[in-house]
Amino acid sequence: MNRTEDRPVTTVDAHAHAWSPETARARFRGGLTGPTAGVAAGHTQANLIAVPADWAYDMLLFCQRNPKPCPVLDVTDAGSPTTVLAEGADLRTDLPRYRVWQDGELVDEPTDARAYWRDDLVSFLLGCSFTFEWALARAGVPIRHVEQGRNVPMYVTSRACREAGRLRGPMVVSMRPVPPERLGAAIRESSLLPAVHGGPVHCGDPAALGIEDLGRPDFGDPVTVADGDIPVFWACGVTPQAAVMASRPPFAITHAPGQMFLTDARDEQYRLVGVD
């Protein structure tokens, strides 16, 4: 698989944690770009992939068969740029940056996707692990990439997803270094939010996932790991982009890795209850 390079990362805004989702979407619609980790505290973030209607069943089946990396929050009608997750939002304009794919090749990274939008596109909004970072932080788990003003590092693994129709590809994971004394809290808090990837898929040696060098993520940015930190890996919503590269559908639009859609939904709407 060809390595894709991301643009240099800058912090979106020092006060972005206090924005409402509406404010965040308006700022992105106005041209602001950057990773959305730490934006609109307490609100659910979502990955985006839009595919032609004749590929939509394959994508839905791919998500159903691979729920850890592809937890579905909403599926739109063909051609619709709206979602029940955010009143008045426009999926063509309200993300910081998009990726446009043709025959599995990345052809553009616009901040506005209206020029590429088609009447047959079905959009899938998938849960994002940025959502549970607030729960991790409340439990005392440091969020290293936020501390360092970086995008979360993401890696293509050697674990194949279950194939679905014409779609196949490897699982992608995000990595957060966690101090050993906070590992239990990181696992517990993320596991309570299965709709945004849930608990980690692996803790420890990256080689077990086929990752050769933590310093060279396939998406996002390398993060400095503190002495003693354990690399912890969560299934990642960039997995459908890896499937696009592997399966080569004729067309797709996705979010740029780490630059998510801010929904109006609150984190607690997806948190399991009665199991703390």
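When you count the other C-beta atoms within 10 angstrom of each residue and take the mean per peptide, 250-261, 148-159, 184-195 line up highest first as 250-261, 148-159, 184-195. Around the Cα centre of the chain, unit charges on the Cβ atoms of Lys, Arg, Asp and Glu (plus for the first two, minus for the last two) sum to a dipole of about 240 debye. Coupling constants for the stretch 94-108 follow from the phi torsions by the Karplus curve (6.51 cos²θ - 1.76 cosθ + 1.60, θ = phi - 60°), and in residue order they are 9, 9, x, 7, 10, 10, 10, 10, 10, 6, x, 9, 6, 10, 6 Hz; glycine and proline get x.
Ellipsoid semi-axes for the stretch 190-252, based on the Cα gyration tensor and the rule √(5λ), read 24, 17, 10 Å when sorted largest first. With Rh defined as the Kirkwood radius, the inverse of the mean 1/r over Cα pairs, the Rg/Rh of the stretch 130-238 is 0.96.
Here the stretch 130-238 exposes an accessible surface that is 49 percent carbon and sulfur, computed with a 1.4 Å probe and the other protein chains kept in place. Backbone phi angles across the stretch 72-82, fed through the Karplus curve with coefficients 6.51, -1.76 and 1.60 (θ = phi - 60°), yield HN-Hα couplings of 7, 9, 7, 10, 8, 5, 4, x, 7, x, 10 Hz in residue order; Gly and Pro are listed as x. For the peptides 123-133, 81-91, 206-216, 227-237, the ranking by mean Cβ contacts within 10 Å, running from highest to lowest, is 123-133, 227-237, 81-91, 206-216. Take the chain with all the other protein chains still there, run a 1.4 Å probe, and you get 40 Å² of accessible area per residue. Ranked by the mean number of other Cβ atoms within 10 Å of their residues, highest first, the peptides 197-205, 101-109 come out as 197-205, 101-109. Would you mind calculating the relative contact order of the chain from Cα pairs under 8 angstrom and at least 6 residues apart, reporting the percent as a whole number? Relative contact order for the chain comes out at 30 percent.
The values are calculated or read from the model by the stated rules, or taken from the named source; none is laboratory data. Not measured: the values here are computed from a predicted model. As a convention, Cβ positions derive from the backbone with ideal geometry for all residues, glycine included, and neighbour counts pool all protein chains shown. Calculation scope for accessible area: heavy atoms of the full protein, side chains included, ligands and nucleic acids excluded. Shrake-Rupley method; radii C 1.70, N 1.55, O 1.52, S 1.80 Å.
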